[in-house]
Amino acid sequence: MHGGIEFEVNATGHGIGAEISGIDLSEPLGEEAFDRIHAAWLEHLVLIFRDQRLSDADLKAFSRRFGELDQVPGWEPFAPAGHPEILVVSNVTEDGTPIGVLGDGEAAWHTDMAYIELPPAASLLYALEIPDSGGETSFMNMYAALDSLPDELREAVRGKQLNHDASHDSGGNLRPNHRPFADVTSAPGVRHPLVRTHPQTGRPALFLGRRLHAWVVGERLSDSESLLDRLWEHCEQGDFVYRHRWRPGDLLMWDNRVTMHRRDPFDGGQRRVMHRTQLRGREPVVAAAEV
Ligand code: OGA
Ligand code: MN
């Protein structure tokens, strides 16, 4: 393996994701190789690199090829020493203190940090320790979710915005420094169009963020809930999902602007340790004028 250009790109066959094989990402990556990887990422939305041996410095160096790294305030306790740009995603505790976030429970479908003005463009998740079973991560293609919407739903989302609650995490728990609210029409957060256009590909995609505490801005609560239920039912029944069974040494990179992901729960008696970087969302993602 090397950082050259003779690697293969093979689609998963599930409507999202491709595995790139024959490349060692701890080696410096030439321009041409980078360009091919970047193009494959825009095309397949999720890239899978198996059998890597990456130090935290390697992970940051590869991530940085795609843009500026994001550092989330409040997550400092969950960064490996000397690497504030990395977030540990883990159920492991040391001396009673969690070393990372997300525990061992299910993480419901979500886009990372959809509740901020400029959500990260990408997340890169590198597996160090993996339980024998469980903890699989699934990815959904939100271009395909929009493309396959029935006309009536396509009409219903046209021009609408969603409020993305900022006060709960993907496990549904209230975040520190947030208060409960009466109903979702007063949830704190930011608004994004339900349909957003990818800044590089120019293609429109459905942007749902997460189901819990979402609100279709301006709609009565019951109307908002019913529209969201129909959209989510459509997404969950679609065949544009790839489910990844992790092995140590896997690096996955997803386009956070046009995908959602979820994680299966796993046995909390086992260790799961991942290191994650995120790329800062730079360009505002404009709403599609027409769906
Ligand atoms: C994340 C995330 C899922 C997983 O890191 O953003 O949702 O499988 N992780 O750990
Ligand atoms: Mn996530």
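Quick notes on this one:
- Cα point-scatterer Debye curve for region 1-95, base-10 log of I(q)/I(0) at q = 0.11, 0.19, 0.21, 0.22 Å⁻¹: -0.39, -1.00, -1.12, -1.17
- Between PRO120, PRO180, PRO199, the residue with the greatest mean-square fluctuation in the GNM of the chain (Cα pairs under 10 Å linked by springs) is PRO180.
- Whole-Hz ³J(HN,Hα) from phi, Karplus 6.51 cos²θ - 1.76 cosθ + 1.60, for region 84-92, glycine and proline x: x, 7, 10, 10, 7, 10, 6, 9, 6
- Least to most buried among MET142, MET113 (fewest other Cβ within 10 Å first): MET113, MET142
- Three-way shape label, region 117-243, alpha-carbon gyration tensor, a/c 1.5: oblate
- By the equivalent-ellipsoid construction on the alpha carbon gyration tensor, the chain comes out with semi-axes of 30, 24, 17 Å, ordered largest to smallest.
- Mean projection area, nm², convex hull over Cα of region 177-291: 10.5 nm²
- Alpha-carbon centroids, region 143-196 and region 39-87: separation in whole Å: 26 Å
- Couplings for region 163-180, taken from phi via the Karplus curve 6.51 cos²θ - 1.76 cosθ + 1.60 with θ = phi - 60°, read 8, 9, 4, 9, 9, 10, 8, 6, x, x, 8, 5, 6, x, 6, 10, 10, x Hz in order; Gly and Pro are left as x.
- Max mean-square fluctuation residue, GNM over the chain, Cα-Cα springs under 10 Å, options VAL217, VAL46, VAL72: VAL72
- Simple label model, 7 Å out from Cα along Cβ direction - ASP267 to SER138, nm: 2.3 nm
- Calculated FRET efficiency for the pair THR97/ASP35, C-beta based, R₀ 30 Å, to 0.05: 0.10
- For the chain, the relative contact order works out to 32 percent when only alpha carbon pairs closer than 8 Å and six or more residues apart are counted.
- Longest stretch of the chain clear of exposed loop sites (GluC sites (Glu not before Pro), DSSP loop, at most 10 other Cβ atoms within 10 Å, sites excluded): 118-289.
- About the Cα centre, charge dipole magnitude for the chain (Lys/Arg +1, Asp/Glu -1 at Cβ), debye: 540 debye
- Relative contact order, whole percent, for region 1-84 stands at 27, derived from Cα pairs under 8 Å and 6 or more residues apart.
- Computed over the chain with a Gaussian network model linking Cα atoms closer than 10 Å, the most mobile of ASN177, ASN91, ASN256 is ASN177.
- Point-to-point label distance, TRP75-SER55, nm (Cα→Cβ direction, 7 Å offset): 2.3 nm
- Paramagnetic reach from ARG245 (point 7 Å along Cα→Cβ, amide N under 15 Å) across region 255-278: 264
All of the numbers you see were taken from the coordinates with simple rules; none came from a lab. Predicted model only: the values in this text are computed from it and were never measured. Neighbour counts run over all protein chains shown; Cβ positions are idealised from the backbone, glycine included.
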